[in-house]
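Undergrad: Here it is, the structure in full.
Please treat every number below as a calculation from the coordinates, not as lab data. The structure displayed is predicted, hence computed values, not measured ones. Cβ placement follows ideal geometry from the backbone for every residue including glycine, while neighbour counts extend to all protein chains displayed.
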Amino acid sequence: MAIVVSGVLCPICNKPIDVGKDFFATTAFLEANDPLYRFSDAAMHWECYLTWNQRSNFASCYAEVIEKEETSNPFWHRLLLSDELFVRYGEIGEVDILLLKLAAHVRVKAHNVAVWLQNPSSESRYIQAELNRLREQLQKINELDILGSPLARQKDRVEAKKKKFRL
Ligand SMILES: [Zn+2]
């Protein structure tokens, strides 16, 4: 996430961000020559971000970068990729759910996923609204054997990745 200090300006409306409130931010994921560069690694008002005419373009660029990164990261493993969700298992025992249209992540402890799916929730009301919209899609995660066989199936790939990174 971007390091955000109070008073930093939202690149969409050029008004200050109140860090005490819920705001949207991504990591620096775009190259300096990208036309949307100044929006990556920047804090934005959720209201500005949600109504921004570049949001879907921005979110697809973000999804592309995260998907690419996953293939070379030995600690994160793809569980599900749909048009709305990119779900990864992290060896820290967490499941990362990227809401693709929003470029926002939700992290859930792997052992708690089934319980969380009964009532998918987020502290951010904006992410919450997206979770509500995707309620049905999210249930696909229930069909994944997060702690079991998918990881066993991925073992070879994990080993290959580790070899690549000489861990
Ligand atoms: Zn704004």
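Undergrad: Calculate the dipole size of the chain relative to its Cα centre from +1 charges on Lys and Arg beta carbons and -1 charges on Asp and Glu beta carbons; express the result in debye to the nearest 20.
TA: 380 debye
Undergrad: Next question, about the same structure. Once you treat every alpha carbon in the range 1-135 as an equal point and sum by Debye, what is log10 I(q)/I(0) at q = 0.09, 0.13, 0.17 Å⁻¹?
TA: Treating every Cα as an identical point scatterer, log10 I(q)/I(0) equals -0.27, -0.58, -0.99.
Undergrad: Working out 0.36 nm times the residue gap between Thr51 and Ala114, then minus their Cα-Cα distance, what length gain in nm do you get to one decimal?
TA: Result for the pair: 19.4 nm of gain on full extension.
Undergrad: Okay, next question. Please list, by residue number, every one of the GluC sites (Glu not before Pro) in the range 1-107 that is coil in DSSP and has at most 13 other beta-carbon atoms within 10 Å.
TA: For GluC sites (Glu not before Pro) across the range 1-107 that sit outside H, G, I, E and B with at most 13 neighbouring Cβ atoms in 10 Å, the list reads Glu31, Glu91.
Undergrad: Going Cα to Cα from Lys15, which aspartates and glutamates come in below 15 Å? Please leave out same-chain ones fewer than 8 positions away.
TA: Glu47
Undergrad: Further, regarding this structure: Between Asp41 and Arg107, 0.36 nm times their residue separation minus their Cα-Cα distance comes to what?
TA: My answer for the length gained is 21.8 nm.
Undergrad: Let me ask you something else. For the chain, what is the mean residue ellipticity at 222 nm derived from helices alone (per DSSP H run of n ≥ 4: -39500 (n - 2.57); sum divided by total residues; nearest 500 deg cm²/dmol)?
TA: -10500 deg cm²/dmol
Undergrad: Two-decimal Rg/Rh of the range 1-69 from alpha-carbon positions, Kirkwood Rh?
TA: Radius of gyration relative to Kirkwood radius: 0.95.
Undergrad: Right, something else. Evaluate the distance, in nm, between pseudo-label points positioned 7 Å from the Cα of Thr27 and of Asp83 along their respective Cα→Cβ axes.
TA: Inter-label distance under the simple model: 2.8 nm.
Undergrad: Expected output is a single nm value to one decimal: the length gained when fully extending between Asn142 and Leu9, i.e. 0.36 nm times separation in residues minus the C-alpha distance. What is it?
TA: That works out to 43.9 nm of additional length.
Undergrad: What is the chain's relative contact order, in percent, from Cα pairs under 8 angstrom and six or more apart in sequence?
TA: 14 percent
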